Amino acid sequence: MGLVVAIATAATVSLRGSWFVPGAEIGVASGSYETACLFPYVLFTLPPEETVKEIPVSQFTATGPQTITFSGTRHFKRVDIGAYVTTLDYDWTMSITYQRVDESGNPL
């Protein structure tokens, strides 16, 4: 029986994080006044497990500007009373670009 040792490095370790993806909405936002619109307000939200992404630690320790992007697509369908069906195709792309700096604020 042997012992196997795995050495973790920035290239092999990843960070797991969640993105906030706003819900997809259909409907009328009337504010403080009444509208004659009969279309129901519909809100589709993504399950939390669909907003998770793993990013290698090496991306956080690299020099120069780094960009992390999270994108996806989802087809939503809602059936209301009877056969009234509402569908929505939702595509999103979010990104953040950052630059590591030293104690003096100089780019690394």
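Results, tabulated for the structure shown:
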read-out	value
Residues being surrounded by fewer than 10 Cβ atoms within 10 Å (Cβ to Cβ), polar (S, T, N, Q) and without any contact (Cβ under 8 Å) to a residue 40 or more places away in the chain - total across the stretch 59-94	3
Count of the stretch 48-71 residues which are of a type outside the set (S, T, N, Q) and over 14 Å from the mean Cα position of the chain (by Cα)	6
Hey, Thr35 at pLDDT 80 or above and among the β-branched types (Val, Ile, Thr) or not	no
Selection count where residues are part of a strand (DSSP E or B), free of Cβ contacts under 8 Å to residues at least 40 places away in the same chain and out of contact with any Lys or Arg (no Cβ under 7 Å at 6 or more places or on another chain), scope the stretch 40-58	2
Filtered residues of the stretch 85-108 (kept if touching a strand residue (DSSP E or B) at 6+ places or on another chain (Cβ under 9 Å) and part of a loop (DSSP other than H, G, I, E, B))	Gln99, Arg100, Leu108
Residue among Val13, Val28, Val42, Val52 that alone is surrounded by 10 or more Cβ atoms within 10 Å (Cβ to Cβ), of a type outside the set (Lys, Arg) and modelled with pLDDT of 90 or more	Val52
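The values are calculated or read from the model by the stated rules, or taken from the named source; none is laboratory data. Since this is a predicted model, take the numbers as computed values, not measurements. Note that we place each Cβ from the backbone using ideal geometry, even for glycine, and neighbour counts take in every protein chain shown.
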